[in-house]
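The values are calculated or read from the model by the stated rules, or taken from the named source; none is laboratory data. As the structure is a prediction and not an experimental result, all values here were calculated from the model. A quick note on method: Cβ atoms are made from the backbone with ideal geometry, for glycine too, and the neighbour counts reach across all protein chains shown.
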Amino acid sequence: MPVDEELQAFDEYMNHVKGLAPKTRRHYLCITRRLLSEQFSGEPVVISTIKPEDVHQFINRQKQLYTTSGSVSLLISALRGYFRYRTTCGDQVNHLIGVANYPANWQLSSLPKALSSEEIECLLKALDYDEPSALRTKTMVHCALDLGLRGGKIANLGLDDINWQAGTIILKKTKSRREDIMPLPEATGAALAEAVLNVPQSTGYLVQHVAQNSIADRVGIQGGSIPTIISETHFLLGGDIIIEMIGITIEHSSMHLRR
């Protein structure tokens with residue numbers, strides 16, 4: 001199969017099977033094109049002729065084009081994604097996937113893999129006071145701990161995403177471009193309701209307009225404007241407070257580290 005046809009098939013796989021965003025697909029196709037063009041120079045693609053040493057040398061050459069470990073990780077993700085696609089075609093390429101290893105990211109070395117039960121209990125107790133900032137931060141903590149949500153998802157969470165009667169929450173615009181429905185834990189729901197009912201609406205945080213006012217009426221908010229429960233700004237500030245509370249030292253200010 002010619003390189004162009006191979007890339008077209010790979011793109012369809014990423015789009016329809018993996019559900020990747022157009023920008024991600026473009027990056028992956030650009031990197032994969034460079035690999036295939038170097039290996040086959042206009043000849044049909046025969047994946048079995050690619051050897052681990054070929055992939056290793058390609059990665060070393062491409063690394064010179066990138067300046068950060070995060071950029072190199074994109075290169076590795078593209079190659080691993082392409083090789084995994086080839087496994088769906090029946091090719092044995094595990095030896096090629098094994099060569100494409102992600103670079104070490106020492107910026108993460110100071111972060112714990114997870115918080116201990118004692119640290120979580122201490123954190124929640126520290127937020128147990130009735131002030132708007134504490135209520136929003138407590139809600140943020142529950143969304144992160146109980147649901148595993150990232151900062152952007154927490155900041156964009158609106159009341160119309162929550163089905164209080166069914167006890168579920170809808171995650172919109174996920175990486176897979178699908179809407180995911182998750183069960184809403186009791187503690188998370190209680191924190192969300194407490195924040196909505198007790199945080200003043202005049203604090204300048206973003207609002208969302210929804211067509212149905214029944215959700216707003218159910219939680220005692222008048223009119224058609226429903227606030228997002230936590231803004232992106234408060235997520236950043238609250239994240240710094242949490243980091244200080246549990247005594248973690250972060251030398252870099254990357255949002256990905258704080259997440």
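Key figures
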quantity: Condition check for Leu29: among the aliphatic types (A, V, I, L, M), more than 21 Å from His95 (Cβ to Cβ) and either modelled with pLDDT under 90 or not assigned by TED's automatic domain parsing to the domain that holds Phe10 (or both); calculated: no
quantity: Any chance Asp160 is in a helix (DSSP H, G or I), closer than 30 Å to Gly19 by Cβ and at pLDDT 85 or above; calculated: no
quantity: Those residues of segment 26-62 which are within 27 Å of the chain's Cα centre (by Cα) and aromatic (Phe, Trp, Tyr), in sequence order; calculated: Tyr28
quantity: From Ile120, Ile97, Ile47, residue being among the β-branched types (Val, Ile, Thr) and under 30 Å from Glu194 (Cβ atoms); calculated: Ile120
quantity: Test: residue in segment 226-238 that is modelled with pLDDT of 55 or more and not in a loop (DSSP other than H, G, I, E, B); calculated: no
quantity: Some residue of segment 115-133 being among the polar types (S, T, N, Q), assigned to a helix (DSSP H, G or I) and modelled with pLDDT of 80 or more; calculated: yes
